[in-house]
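To start, the structure itself, in structure tokens.
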Amino acid sequence: MPARTASQNVRLTDVSSKGKAALSPLPDATDATEPAEDGGSRTLRRGLQLLDAVLASGREGLRVVDLCRIAALERATVYRLLATLMESGYVAQRGRFRYVAGPRLAALAQPHATDGLAARLQPVLARVSAACGDAAFAIVREGAISHCIARHVGTHPVQILVIQVGTRQPLGVGAAGLALLAALPEDDVAQCIAANAAALSHYGGMTPERMNILVRATRERGWSVIGNHATSGVLAVGMAVHSADGEPVAGISVASTLARMPRERQHLIARAMREALAALLPKGL
């Protein structure tokens with residue numbers, strides 16, 4: 001999604017990410033004899049074949065060499081299909097070499113899980129939004145993607161509604177997603193950034209190198225700050241939300257115009273988030 005300007009975010013106008021770049025598998029050279037019009041169906045069929053194999057493998061997962069053998073595909077094709085499946089959250093990497101079912105499938109298996117998280121985070125968003133007057137958002141992770149599950153509109157006359165409930169975008173291009181990304185283990189961070197590498201440039205010229213710098217800064221600070229990437233002229237502050245056992249499971253953020261986000265106000269918003277989480281979710285999600 002190309003960066004947008006803050007002037008597009010007046011009052012209750014949504015500025016949502018509608019188009020996201022995907023890692024599109026390319027047909028193999030060995031398939032040149034097959035009709036071109038069957039390319040999309042063939043790619044889908046192969047992707048589903050890999051997904052079926054991963055699901056059948058259970059918790060142990062499968063290596064690329066196993067998937068090549070099961071699907072009778074070349075290694076390069078398997079890697080391309082896996083990249084798309086991981087980007088969408090249907091497959092996840094376990095360790096360095098194995099692939100297992102991803103978080104998107106877990107969410108589908110428990111359709112009320114996201115609704116439950118949204119309901120528990122909504123009072124937090126309301127409290128934070130009331131403290132600063134700006135819109136607050138909550139996201140969860142689906143593989144390498146962030147999924148907005150809740151938002152609360154503030155009282156300030158100009159609301160920066162950069163995303164809406166249901167919006168999905170690369171994890172890290174927004175403040176809530178960046179906070180959640182930075183809270184993940186190092187291997188997971190690297191995998192997410194690699195999976196989104198081709199799409200990042202569509203978000204204000206973001207690059208994997210820049211994303212890594214932002215992750216390090218977020219870890220040092222304890223909360224995230226990002227501006228002019230998902231939406232031009234906008235800056236947002238975010239914080240990770242942990243489960244009862246300390247696992248990062250969600251992220252919250254507040255977005256406003258650059259003019260309303262000087263450094264001291266960023267600190268005040270971060271403190272409001274921390275206090276809201278401590279008061280309303282003392283034991284985590």
Qualifying residues in the range 199-211 (those that are surrounded by 14 or more Cβ atoms within 10 Å (Cβ to Cβ) and among the small types (Gly, Ala, Ser)) - the one nearest to the chain's Cα centre (by Cα): Ala199
Criterion (touching a Leu at 6+ places or on another chain (Cβ under 8 Å), surrounded by 15 or more Cβ atoms within 10 Å (Cβ to Cβ), assigned by TED's automatic domain parsing to the domain that holds Gln266 and under 15 Å from Ala255 (Cα atoms)) met by exactly one of Leu178, Leu171, Leu214: Leu178
Some residue of the range 99-117 being within 23 Å of Ile252 (Cβ to Cβ) and at pLDDT 80 or above: yes
Residue tally, condition out of contact with any strand residue (DSSP E or B) (no Cβ under 7 Å at 6 or more places or on another chain) and surrounded by 15 or more Cβ atoms within 10 Å (Cβ to Cβ), over the range 231-247: 2
Positions within the range 86-104 being touching a strand residue (DSSP E or B) at 6+ places or on another chain (Cβ under 6 Å) and assigned to a helix (DSSP H, G or I), in sequence order: Pro103, Arg104
Near pairs, Cβ below 8 angstrom, 6+ apart or cross-chain, from the range 56-85 (not assigned by TED's automatic domain parsing to the domain that holds Ala195 and assigned to a helix (DSSP H, G or I)) to any residue that is among the charged types (D, E, K, R) and surrounded by 19 or more Cβ atoms within 10 Å (Cβ to Cβ): Ala71/Arg46; Thr77/Arg46; Leu81/Arg46
Meets criteria (at pLDDT 95 or above and of a type outside the set (Ser, Thr, Tyr)) for Ala144: no
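The values are calculated or read from the model by the stated rules, or taken from the named source; none is laboratory data. On a predicted model such as this, the values are computed, not experimentally measured, just so you know. FYI the Cβ positions are ideal-geometry reconstructions off the backbone, even for glycines, and counts take in every protein chain you see.
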